[in-house]
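Notes to accompany the following structure.
Throughout, read-outs are computed from the coordinates displayed, never taken from laboratory work. In this text the structure is predicted, and so the values were computed from the model without any measurement. Heads up, the Cβs are rebuilt from the backbone with ideal geometry, glycines too, and the neighbour counts pull from every protein chain shown.
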Amino acid sequence: MVTMAIIAACVGVYAWDISQGAGATSGRSSRAADEFALWAPAVQFDGEWYRIFSTGFTHAGLMHIGFNMWILWQIGQSLEGRFGSLTFGTLYVTGLLGGSLGAMVVEPTSSVVGASGAVFAIMGALVVLQYMAGMNIFSSGLGRLLLLNVGITFLVPSISKGGHFGGLAIGLVCGLALGLAQKQGKRSLALVPIAIGAIGIAAFLGLIPAMDRAANMFLS
């Protein structure tokens, strides 16, 4: 249900953006990007901290949202079905925060939109889980999907490298927590959302100085 709710929210924001006059192929100057994108001055000077979350529901074009939602649908069903909605939802939000942190560290003066940081996080978590289970990630297709996305990250200039790799790093750590909890049994699995939530809080705390530094770059 969480996977479907996230997809519905992203599609809803995109449909609203189109209704406000955004082009179907590029939403970077759209109303949704203006109001919901991760942009340091708006966060730091105007107090719009919601942008560190709303950026993950805003997309710049049909291909952008389509590719992200397709991956989310494929991997989200697997992880949510296996670990439950609470664990998956916590993982997704933590990955989103990791993506926002990475974006502010690597591209502090950019306006960033997209669910890619969170999507990279769930890919990273599944990579670790498959590895810990003794699976070949290339035989499963996950390795090729991850390499494709990494390649696109470097080939498309407008893509936030910090957002992608920040989310991926968080996902790898969360995947390790999930894998270890799975080996220890149901009691540990019941507590793993707390561990993943703690990682998310750490990412948020890291965002505070990163956002301050990014915002100050606009004043210098």
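Return the single residue from SER111, SER78, SER158 with maximal mean-square fluctuation; model: Gaussian network over the chain, springs between Cα atoms under 10 Å. The residue with the greatest mean-square fluctuation here is SER158.
Taking label points 7 Å from Cα along the Cα-to-Cβ direction, GLN184 and PHE154 give a separation of 3.7 nm. Short-range pairs are left out: with C-alpha atoms under 8 Å and at least six residues apart, the relative contact order of the stretch 45-117 is 57 percent. Fewest neighbouring Cβ atoms within 10 Å first, the residues PHE154, PHE204, PHE53 line up as PHE154, PHE53, PHE204. If you run the Gaussian network model on the chain, springs between alpha carbon atoms under 10 Å, then out of ARG82, ARG51, ARG31 the most flexible one is ARG82.
Contact order, relative form, for the chain: 25 percent (alpha carbon pairs under 8 Å, 6 or more residues apart, mean separation divided by residue count).
Restricted to Cα atoms, the chain shows a radius of gyration and a Dmax of 16.9, 53 angstrom.
Largest GNM mean-square fluctuation among GLY12, GLY98, GLY151, using the chain with Cα springs under 10 Å: GLY151. By the count of neighbouring beta-carbon atoms within 10 Å, fewest first, THR94, THR3, THR109, THR58 end up ordered THR109, THR3, THR58, THR94. Here the sum of -39500 (n - 2.57) over DSSP H runs of 4 or more residues, divided by the residues of the chain, equals -25000 deg cm²/dmol at 222 nm, to the nearest 500.
If you take the Cα centroid of the stretch 147-190 and the Cα centroid of the stretch 105-124, the two points sit 11 Å apart. Cβ-to-Cβ counts within 10 Å put ASP17, ASP46 in ascending order as ASP46, ASP17, the fewest first.
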